[in-house]
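K.L.:
Take this structure first; my questions come after.
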Amino acid sequence: VPESPDVDAAVQQIENLLEELGKTDPGSRRRAEELIHLLMELYGAGLARALEMLGPEAAQQLAGDKLLASLLLLHGLHPVDARTRVTEALQRLERKLEGYRLQLEEISEEVARVRVSGKDRAPAPGLAGLIERAITDCAPDITAIEIEGIPQPAPALVQITSGAAR
Amino acid sequence: MQTLFRLRRFLDAPPARKAAGCELCDAEVPEAHSHVVDIEHRRLLCACRPCYLLFTRSGAGGGKYRSVPERVMKLEDGSSGARWEALDIPVGVAFLLRQSDTGRMIAFYPSPAGAMESLLPLDTWEEIAAADPLLTTLEPDIEALLVCRGELGIEAWIVPVDACYELVGRIRHQWTGFAGARDARGHIDAFLAGLRERIGA
């Protein structure tokens with residue numbers, strides 16, 4: 001198995017180069033963006049064709065690889081639908097958290113609504129962040145995540161009532 | 001979100017080709033805009049008004065860019081046409097342009113592949129230029145001498161270089177097979193009519 005590329009570094013480098021171009025020559029930046037668009041479309045079409053020829057079983061297998069799964073998601077080609085992906089991601093998170101139940105109440109193309117229930121004690125710090133992360137990692141189209149059942153943090157400002165006395 | 005998904009915008013966003021911007025500063029430019037010549041790369045750049053005005057003086061911008069002027073002049077006496085015959089012009093159109101970096105006169109001909117370039121023998125040019133002092137006022141890189149065989153015989157014009165490319169583009173667009181040269185006639189006549197309108201003739 002060939003070594004996995006450093007995806008994060010590659011993406012960061014693409015953005016750095018574009019920014020550099022934009023500073024000296026905005027026209028070139030636009031052309032470079034068009035270039036990226038064309039190349040991505042080309043490889044995306046290749047991926048789609050390959051999946052089609054390999055059939056659903058092989059597609060599932062490919063989606064089991066982390067790098068391939070990300071690329072398939074990027075191109076909207078992932079063989080597993082968004083609802084299943086998000087549900088599974090929430091189940092994995094549930095196992096890590098122990099004692100919380102994370103229920104996917106609703107999912108549309110852009111919005112996911114999650115209900116948190118379980119233990120009586122205060123939810124783990126950063127729980128909302130963990131849920132959001134789990135969802136966006138497996139469903140890049142979701143732009144809004146609503147989480148229910150996490151108590152609002154206490155207001156930061158305490159109102160001072162006039163004439164308060166000990 | 002996975003870093004990789006940041007590449008999604010390239011898939012989603014259609015290439016921003018249509019919203020044409022100034023190729024020097026990226027500001028928006030209207031449909032009718034001026035051009036600046038990138039002398040080093042021999043490229044015509046679409047320019048917004050402020051950028052255009054920056055490079056109207058010779059030597060501005062380190063001589064790298066020159067704004068294309070608007071002068072259009074018809075050279076009288078071209079009617080006899082004899083001296084242009086020496087140029088032996090295919091499809092009846094040629095642009096003659098001095099390149100400042102080499103100092104040479106270049107002749108361009110429209111063709112199905114765009115503008116074809118050929119080196120003009122210097123003595124041929126000297127002969128032509130000697131006959132008309134106006135030709136010595138031709139600005140290198142940004143103005144061209146357009147010689148063309150129109151309905152009224154051979155005509156010679158001093159035109160901005162972007163006008164030349166416009167004509168090349170029109171002809172190239174329509175060029176199909178052997179009829180290409182014949183169809184080109186209509187474009188050339190229309191183009192000459194446009195020039196006449198510009199000088200109010």
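The values are calculated or read from the model by the stated rules, or taken from the named source; none is laboratory data. Please read these numbers as outputs of a predicted model, since none were measured by experiment. No Cβ is skipped: glycine too gets one built from the backbone with ideal geometry, and neighbour counts run over all protein chains shown.
K.L.:
Go through (1) over 29 Å from residue B:128 (Cβ atoms); (2) more than 14 Å from every other protein chain (Cβ to nearest Cβ); (3) modelled with pLDDT of 85 or more for residue B:7 and report which single condition fails.
P.N.:
(2)
K.L.:
Please go through segment B:24-57 and pick out each residue that is part of a loop (DSSP other than H, G, I, E, B) and over 21 Å from residue B:165 (Cβ atoms). Steps first, answer last, please.
P.N.:
Within segment B:24-57, the first condition is being part of a loop (DSSP other than H, G, I, E, B), and the residues that meet it are B:24-27, B:29-33, B:39-42, B:48, B:55-57.
Within segment B:24-57, B:25, B:26, B:27, B:57 meet the criteria.
K.L.:
In segment A:67-90, which residue that is of a type outside the set (Lys, Arg) and away from chain B (no Cβ under 14 Å) is surrounded by the most Cβ atoms within 10 Å (Cβ to Cβ)?
P.N.:
A:90
K.L.:
Now for a separate question. Considering segment B:134-162 alone, what residues qualify as being part of a strand (DSSP E or B) and closer than 12 Å to residue B:95 by Cβ? First the steps, then the outcome.
P.N.:
Applying the first criterion (part of a strand (DSSP E or B)) to segment B:134-162 yields B:143-150, B:153-160.
Residues satisfying the conditions are B:143, B:144, B:145, B:146, B:147, B:148, B:156, B:157, B:158, B:159, B:160.
K.L.:
Taking the conditions exactly as written (aliphatic (A, V, I, L, M) and touching a Lys or Arg at 6+ places or on another chain (Cβ under 8 Å)), does residue A:68 satisfy them or not?
P.N.:
no
K.L.:
Let me ask you something else. Of the residues in segment A:93-104, how many are surrounded by 12 or more Cβ atoms within 10 Å (Cβ to Cβ) and of a type outside the set (S, T, N, Q)?
P.N.:
Keep residues of segment A:93-104 that are surrounded by 12 or more Cβ atoms within 10 Å (Cβ to Cβ), which gives A:93-94, A:97, A:100-104.
Those left that are additionally of a type outside the set (S, T, N, Q): A:93-94, A:97, A:100-102, A:104.
So the count comes out to 7.
K.L.:
Also, I was wondering about something else. Inspect all residues belonging to segment A:128-139 and state whether any of them is more than 14 Å from the chain's Cα centre (by Cα) and away from chain B (no Cβ under 14 Å). Working first, answer last.
P.N.:
Residues of segment A:128-139 more than 14 Å from the chain's Cα centre (by Cα): none.
Scanning segment A:128-139 turns up no residue that is more than 14 Å from the chain's Cα centre (by Cα) and away from chain B (no Cβ under 14 Å).
K.L.:
Which one is farthest from residue B:46 (Cα to Cα), of the residues in segment A:8-54 that are at the interface with chain B (Cβ under 8 Å from one of its Cβ atoms) and of a type in the set (Asp, Glu)?
P.N.:
A:8
K.L.:
Residues that are at pLDDT 90 or above and within 14 Å of the chain's Cα centre (by Cα): find the helices (runs of 4 or more DSSP H) completely inside segment A:39-110 holding 3 or more of those. Working first, answer last.
P.N.:
On the way: elements: A:56-63, A:66-74, A:82-97.
Hits in segment A:39-110: A:66-74, A:82-97.
K.L.:
Restricted to segment B:49-58, and to residues that are surrounded by fewer than 21 Cβ atoms within 10 Å (Cβ to Cβ) and not hydroxyl-bearing (Ser, Thr, Tyr), which residue is farthest from residue B:144 (Cα to Cα)? Don't jump to the end; show me each part of the working.
P.N.:
The first filter runs over segment B:49-58 and keeps only residues surrounded by fewer than 21 Cβ atoms within 10 Å (Cβ to Cβ), leaving B:49-50, B:53-54, B:56-58.
Imposing the further condition that a residue be not hydroxyl-bearing (Ser, Thr, Tyr) reduces the set to B:49-50, B:53-54, B:57.
Details: B:49: 22, B:50: 24, B:53: 20, B:54: 21, B:57: 18 Å.
Looking at the filtered set, the residue picked out is B:50.
K.L.:
What are the residues in segment A:21-59 that are surrounded by 11 or more Cβ atoms within 10 Å (Cβ to Cβ), without any contact (Cβ under 8 Å) to a residue 12 or more places away in the chain and under 16 Å from residue B:23 (Cα atoms), if any?
P.N.:
Listed by number, the residues that qualify are A:21, A:22, A:25, A:26, A:27, A:28, A:29, A:30, A:31, A:34.
K.L.:
Which number in (1) touching a residue at least 60 places away in the same chain (Cβ under 8 Å); (2) away from chain B (no Cβ under 14 Å) marks the one condition that residue A:64 misses?
P.N.:
Here residue A:64 meets the rest and fails (1).
K.L.:
State yes or no: is residue B:167 among the hydrophobic types (A, V, I, L, M, F, W, C), part of a helix (DSSP H, G or I), modelled with pLDDT of 80 or more and surrounded by fewer than 17 Cβ atoms within 10 Å (Cβ to Cβ)? Step through it out loud before you land on a result.
P.N.:
Working: among the hydrophobic types (A, V, I, L, M, F, W, C): yes; part of a helix (DSSP H, G or I): yes; modelled with pLDDT of 80 or more: yes; surrounded by fewer than 17 Cβ atoms within 10 Å (Cβ to Cβ): no.
When the stated conditions are applied, residue B:167 does not pass them.
K.L.:
OK, next. Applying the selection to segment A:1-14, what residues are in a helix (DSSP H, G or I), surrounded by fewer than 13 Cβ atoms within 10 Å (Cβ to Cβ) and not hydrophobic (A, V, I, L, M, F, W, C)?
P.N.:
A:8, A:13
K.L.:
Any residue that is within 14 Å of another protein chain (Cβ to nearest Cβ), outside any strand (DSSP E or B) and surrounded by 11 or more Cβ atoms within 10 Å (Cβ to Cβ) - is there at least one of those in segment A:114-126? Outline the logic, then answer.
P.N.:
First, pick out the residues of segment A:114-126 that are within 14 Å of another protein chain (Cβ to nearest Cβ): none.
For segment A:114-126, residues within 14 Å of another protein chain (Cβ to nearest Cβ), outside any strand (DSSP E or B) and surrounded by 11 or more Cβ atoms within 10 Å (Cβ to Cβ): absent.
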